[in-house]
1. Quick one: which residue in Lys49, Lys40, Lys32, Lys44 is in contact (Cβ under 8 Å) with a residue 40 or more places away in the chain and basic (Lys, Arg)?
2. For the subset of segment 57-84 comprising residues that are modelled with pLDDT of 85 or more and surrounded by 11 or more Cβ atoms within 10 Å (Cβ to Cβ), which member is farthest from the chain's Cα centre (by Cα)?
3. Please verify whether Gly5 is in contact with a strand residue (DSSP E or B) (Cβ under 8 Å, 6 or more places away or on another chain) and surrounded by fewer than 16 Cβ atoms within 10 Å (Cβ to Cβ), treating the condition exactly as stated.
4. Cβ-Cβ below 6 Å, separation at least six or inter-chain, first residue in segment 1-19 and at pLDDT 85 or above, second among the small types (Gly, Ala, Ser): which pairs?
5. Which one is surrounded by the fewest Cβ atoms within 10 Å (Cβ to Cβ) among residues in segment 31-51 that are of a type in the set (A, V, I, L, M, F, W, C) and more than 22 Å from Lys85 (Cβ to Cβ)?
6. Would you point out the residue of segment 1-21, among those that are closer than 16 Å to Glu63 by Cα and aliphatic (A, V, I, L, M), that is nearest to the chain's Cα centre (by Cα)?
7. Quick one: Glu54 ticks every box in (1) surrounded by fewer than 17 Cβ atoms within 10 Å (Cβ to Cβ); (2) touching a Gly at 6+ places or on another chain (Cβ under 9 Å); (3) part of a loop (DSSP other than H, G, I, E, B) bar one, so which box is it?
8. Could you list all residues from segment 64-91 that are among the polar types (S, T, N, Q) and at positive phi?
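The values are calculated or read from the model by the stated rules, or taken from the named source; none is laboratory data. Just so you know, these numbers come straight off a predicted model, no measurement behind them. Glycine gets a Cβ as well: all are built from the backbone with ideal geometry, and neighbour counts include every protein chain shown.
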Amino acid sequence: MNKIGSFKILNSFTITGRGLVLLGDLIDGNVKVGATIIFKIFEKEITRKVTGVEMADNLSTREFWVGLTFMTNEDIMNKEFEGVKIGEQTIDIFE
């Protein structure tokens, strides 16, 4: 796999019907739909394809973040990530 970027996860939340969103900052490089991300939950390494890249903002504080979605319909049906909060961590993004 070819590394194309790094992303710092600051927070996570769930959107009904879309699944878990990783909210944070793109540190370097780029991210796109179809890229592969690897992150940890409870010391378990999870590998998924990015299914969506969104912008999030708080206009009152002038803060901006990137939101990455990665769940498949199978993940949503299995509820593997239901109620999970992803801890702050820096992850690599691969092509």
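1. Lys40
2. Step by step, filter segment 57-84, then rank; the result is Phe64.
3. Judged against the criteria, Gly5 is not a match.
4. If the second residue must be among the small types (Gly, Ala, Ser), the pairs left are Ile4/Gly29; Gly5/Gly29; Phe7/Gly24; Lys8/Gly24; Ile9/Gly24; Leu10/Gly24.
5. Ranking the qualifying residues of segment 31-51, first place goes to Val33.
6. Ile9
7. Evaluating Glu54 over (1) surrounded by fewer than 17 Cβ atoms within 10 Å (Cβ to Cβ); (2) touching a Gly at 6+ places or on another chain (Cβ under 9 Å); (3) part of a loop (DSSP other than H, G, I, E, B) leaves (3) as the failure.
8. none
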